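Notes follow once the structure below has been shown.
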Amino acid sequence: MASGGKRGVIYTVTLNPALDKTLIATGLEPEVINRAEVARVDCGGKGINVSRALRNLGLESVAMGLVGGAAGELLRQGLAQLDLRADFTSVSSETRVNLTIHDQRRNALIKLNEAGPAVTAQEIRALVDQVRARVAPGDWWVLAGNLPPGAPDDLYATLISAIAAGGGRALLDTSGTPLVLGCGARPFLVKPNRAEAEFALDTRLATRDGLRRGLGAFLRLGIALPVISLGAEGAAAASGGEMLMAAPPSVAIQSNIGAGDALLAGFACGLARGWPLGETLRWAVAAGTAAAMEEGTGMGTLARTSELLPLVTLRPL
């Protein structure tokens, strides 16, 4: 799984970021006043989650994307408080706020996501120009999350082509038509979950044979490192003639929100450090598992990821 060149800068691009608010209660009942026992707010959106996870894992990144309004200003301030570097493109509409309610009695999560701000063609051009101005050979670009209203379905494909033209390498994590079109631009890595991969490839991936066929289909599209995340089952990946699957240990799950982003951060770590596929896959699954053990959209610590690493099972797919 050779990456070539220097380590380079890691960028994360979040086109539809959010403030993630989590309320924790014990027992929710309809038509009465329910009271939260704990409330927390995290800077969110998939790419921003990756930046937060990377920081915990010992690597710096630059967070980019589209932010606006009072919520966007709070997001900027929150990242500054976390000492995370950011270079956002401003938009005129308000950044979204997502709500997660955790009922501890039922061990159930209710998640409500806003659609996000409608963006203009001029704002999108400004973002693309900002990416083009920054990209350099050897850099890694994490493109993650859904598109905001008003963005064209081929926006990720446009960004991937711009990054490749500048000598950078794109890691794509999205779904639906933007994933299909993005794959056509040949990113270095794609990381759909099983359902997203099934949509993109129009085939079932329910078995190990299915996963092998799916990874092979992504490889034939010219993607150097396809990854299919499998939730509690771990993840499968292929590169350089290898197809591997890594399974996490059984742990107490607090919230699976953001676990896939931590998994992607683990892959970015391995790629930036030049690790082989097996080592990178195990590290990524350990990072995702560590995040799932945190409340809200908390990212796991380096210490916990390191503790989980020897418990991750790696085998040929």
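The values are calculated or read from the model by the stated rules, or taken from the named source; none is laboratory data. Predicted model only: the values in this text are computed from it and were never measured. Note: ideal-geometry Cβ built from the backbone for every residue, glycine included; neighbour counts use all protein chains shown. Just so you know, the surface numbers come from the protein's heavy atoms only, side chains and all, with ligands and any DNA or RNA stripped out. Shrake-Rupley method; radii C 1.70, N 1.55, O 1.52, S 1.80 Å.
Before moving on, here are some points about what is shown:
- Scanning the range 257-299 for residues that are touching a Leu at 6+ places or on another chain (Cβ under 8 Å) and not in a helix (DSSP H, G or I) yields one hit, ILE257.
- Residue within the range 232-243 that is surrounded by 18 or more Cβ atoms within 10 Å (Cβ to Cβ), modelled with pLDDT of 95 or more and out of contact with any strand residue (DSSP E or B) (no Cβ under 6 Å at 6 or more places or on another chain) present: yes
- Enumerated strands (runs of 3 or more DSSP E) restricted to the range 1-100, each holding at least 1 residues that are open to solvent by 40 Å² or more (accessible area, probe 1.4 Å) and either without any contact (Cβ under 8 Å) to a residue 24 or more places away in the chain or small (Gly, Ala, Ser) (or both): 38-44
Conditions (1) outside any helix (DSSP H, G or I); (2) surrounded by fewer than 24 Cβ atoms within 10 Å (Cβ to Cβ); (3) modelled with pLDDT of 95 or more; (4) out of contact with any Ser or Thr (no Cβ under 6 Å at 6 or more places or on another chain), marked per residue:
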residue	(1), (2), (3), (4)
GLY182	no, no, yes, yes
ALA197	no, no, yes, yes
ASP209	no, yes, yes, yes
GLY214	no, yes, yes, yes
ILE228	yes, no, yes, yes
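- Residue in the range 260-312 that is nearest to PRO226 (Cα to Cα), counting only those that are polar (S, T, N, Q) and open to solvent by 10 Å² or more (accessible area, probe 1.4 Å): THR289
- Test result for ARG204, in contact with a helix residue (DSSP H, G or I) (Cβ under 8 Å, 6 or more places away or on another chain) and open to solvent by 40 Å² or more (accessible area, probe 1.4 Å): yes
- Failed item, numbered, when LEU172 is tested on (1) assigned to a strand (DSSP E or B); (2) open to solvent by 60 Å² or more (accessible area, probe 1.4 Å); (3) not small (Gly, Ala, Ser): (2)
- Neighbours by Cβ (under 9 Å, 6+ apart or cross-chain): first from the range 143-160, over 17 Å from ASN113 (Cβ atoms) and at pLDDT 95 or above; second open to solvent by 10 Å² or more (accessible area, probe 1.4 Å) and basic (Lys, Arg): ILE160/ARG186
- Across the range 142-164, a minimum of one residue is classified as among the aliphatic types (A, V, I, L, M), over 17 Å from the mean Cα position of the chain (by Cα) and not in a helix (DSSP H, G or I).
- Pairs where the first residue, in the range 121-140, is part of a helix (DSSP H, G or I) and the second is among the polar types (S, T, N, Q) and open to solvent by 20 Å² or more (accessible area, probe 1.4 Å), C-beta under 7 Å, 6+ apart: VAL128/THR158
- Number of positions in the range 243-253 that are in a strand (DSSP E or B) and out of contact with any Pro (no Cβ under 8 Å at 6 or more places or on another chain): 2
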